[in-house]
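Down below is the structure, laid out as structure tokens.
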Number of protein chains: 2
Amino acid sequence: MARAGLNAERLTRAGAELADEVGFAQVTVSALARRFDVKVASLYSHVQNSHDLKTRIALLALEELADRAAEALAGRAGKDALTALANVYRDYAREHPGRYEAARFPLDPQTAADSAGGRHSRLTRALLRGYDLEEPDRTHAVRLLGSVFHGYVSLELSGAFSHSEPDSDESWARTLDALDALLRGWPPAA
Amino acid sequence: MARAGLNAERLTRAGAELADEVGFAQVTVSALARRFDVKVASLYSHVQNSHDLKTRIALLALEELADRAAEALAGRAGKDALTALANVYRDYAREHPGRYEAARFPLDPQTAADSAGGRHSRLTRALLRGYDLEEPDRTHAVRLLGSVFHGYVSLELSGAFSHSEPDSDESWARTLDALDALLRGWPPAA
DNA sequence: TGCATTTGCCTAACACCTTTAGGCAAATCG
DNA sequence: CGATTTGCCTAAAGGTGTTAGGCAAATGCA
């Protein structure tokens, strides 16, 4: 019987594609086995279990996102950098909705520490070099930016902005204007 | 054989409690049947299927949230109102993490239209009465506020802010300061 | 090249979840 | 108080997750 040539990486990539097609929650060991025309049990030589598979997809998504973010920030500063980074998240979520969901998969502390998650916060922190913020305001701003990026993208993806005027693109542009203004004139504690 | 007195509402409430205990994704018809000490098939007289059950829990969460939001905004304006509304979402998510997840369950368009979702945007819009914004900026601001509230709360809930200084409470306070400042001096389009 | 070992996928089996069909007894109504 | 409705049950089928053990293809070594 010919071998299918499975391995953890191919399974992870196929799982990511499957996630983009049918949603991360619908990524299942069975569905993946069907995709490779292989029996379900065969996958268990390559991934420990369903949770392990999902973790691998999550890690893949986090790395792809961090790679894009790093590339987007290279050579940019100020609002230019802010826009570029923000669009990395938004575009990735629209191109790869399943992977974007996967990036939100809860990781156990050790796995999270070894993931590309740290790169994300370092990159956001780097973006703030273009603005005049000292600690701890810099950290507050990192958290605020992360919240807006994630919040906007995830609400938009769920369709929250798609059935009313004005167009979501416009709100996104004005949101970035607003964040830029906010970072340039970061208010003191009330 | 004594009857258990099941009905859709009791199942929905129990499902919401179960969600808070074990996570919305783990809410299952079987688990709910165990909780009522009843056979699984019995639940199918009261809810159509698993998806229907989850939808009902989602609608319950959306209503509870809207009720709290309405109460929080009554008699408040400006930053006072902003803080009150923001804390409604944050506190609800921390008290009822499973219900908060449920509120993000994707609803079909008709169900969404009939849900308390509309109240949420109307309430946020009402909050903006305390600031000087004309359309379409008011809508952009509604979307931005929704993004920050949801984004912050969901990142915090997933533990993103819990393993670093400063304390998340402090970032939350400064985030609200920042939003208030932003709304008071909303920048023109770049 | 030929044999031993490793590796990869398979069958079998069990557990749990979802859903439908049909039955009996409790509750309700005339 | 009998007829009807209602509520929970048993039974059964199909899907997913996971483990154990087997056979054959690939690989490594003499």
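For the reader, a short list of remarks on this structure follows.
- Hydrodynamic radius of the range B:1-50 per Kirkwood, over alpha carbon pairs, in Å: 10.9
- Across the identical copies, the 7 Å label point of B:ALA113, projected outward along Cα→Cβ, sits 5.2 nm from its counterparts, in ascending order.
- Axis proximity, chain A to B: residue whose C-beta lies nearest, plus whole-Å distance: A:GLY151, 1
- Gyration tensor (alpha-carbon) shape descriptor, the protein assembly as shown, a/c threshold 1.5: oblate
- The separation of the range A:1-61 from the range A:153-184, counted between C-alpha centres, amounts to 35 Å.
- Using the Cβ of B:LEU157 as centre and a radius below 13 Å, the other residues enclosed give a net charge of 0, where K and R count +1 and D and E count -1.
- Across the identical copies, the label point of A:GLN26 (7 Å from Cα in the Cβ direction) is separated from its matches by 2.6 nm, in order from shortest.
- Couplings 3J(HN,Hα) for the range A:119-130, derived from phi with the Karplus relation 6.51 cos²θ - 1.76 cosθ + 1.60 (θ = phi - 60°), are 4, 4, 5, 5, 5, 5, 4, 5, 4, 6, 4, x Hz, where x marks Gly and Pro.
- Eligible lysines near B:LYS54 by straight Cα distance, threshold 27 Å, same-chain separation 8 or greater: A:LYS54, B:LYS39
- Most tightly packed first, judged by the mean number of other beta-carbon atoms within 10 Å of their residues, the peptides B:114-121, B:165-172, B:139-146 read B:139-146, B:114-121, B:165-172.
- The Cα atoms of the range B:85-179 give a gyration tensor whose axes a ≥ b ≥ c have a/c of 1.5 or more with a/b no greater than b/c, which makes the shape oblate.
- Label points for A:PRO136 are taken 7 Å from Cα along Cα→Cβ. From this copy to the others they lie 3.9 nm apart, shortest first.
- Helix B:8-22 and the longest principal axis of the C-alpha atoms of chain B enclose an angle of approximately 70°.
- Residue-wise HN-Hα coupling along the range A:92-104, computed from phi with Karplus coefficients 6.51, -1.76, 1.60 (Hz; x: Gly, Pro): 4, 5, 7, 6, 9, x, x, 5, 4, 4, 4, 5, 9
- Average other protein chain Cβ within 10 Å of Cβ, residues B:149-162: 5
- Averaging the sequence gap over all C-alpha pairs within less than 8 Å and six or more residues apart, then dividing by the number of residues, gives the range B:8-184 a relative contact order of 24 percent.
- Helix A:168-184 and the longest principal axis of the Cα set of chain A meet at an angle near 50°.
- Reach of A:LYS79 by Cα under 29 Å, taken over lysines that are not fewer than 8 positions away in the same chain: B:LYS79
- Its alpha carbons give the range B:8-184 an Rg and a Dmax of 18.0, 58 Å.
Where a number appears in this text, it was derived from the coordinates with a stated rule and is not lab data. Keep in mind that what you see is a predicted model, and the values were worked out from it rather than measured. A quick note on method: Cβ atoms are made from the backbone with ideal geometry, for glycine too, and the neighbour counts reach across all protein chains shown.
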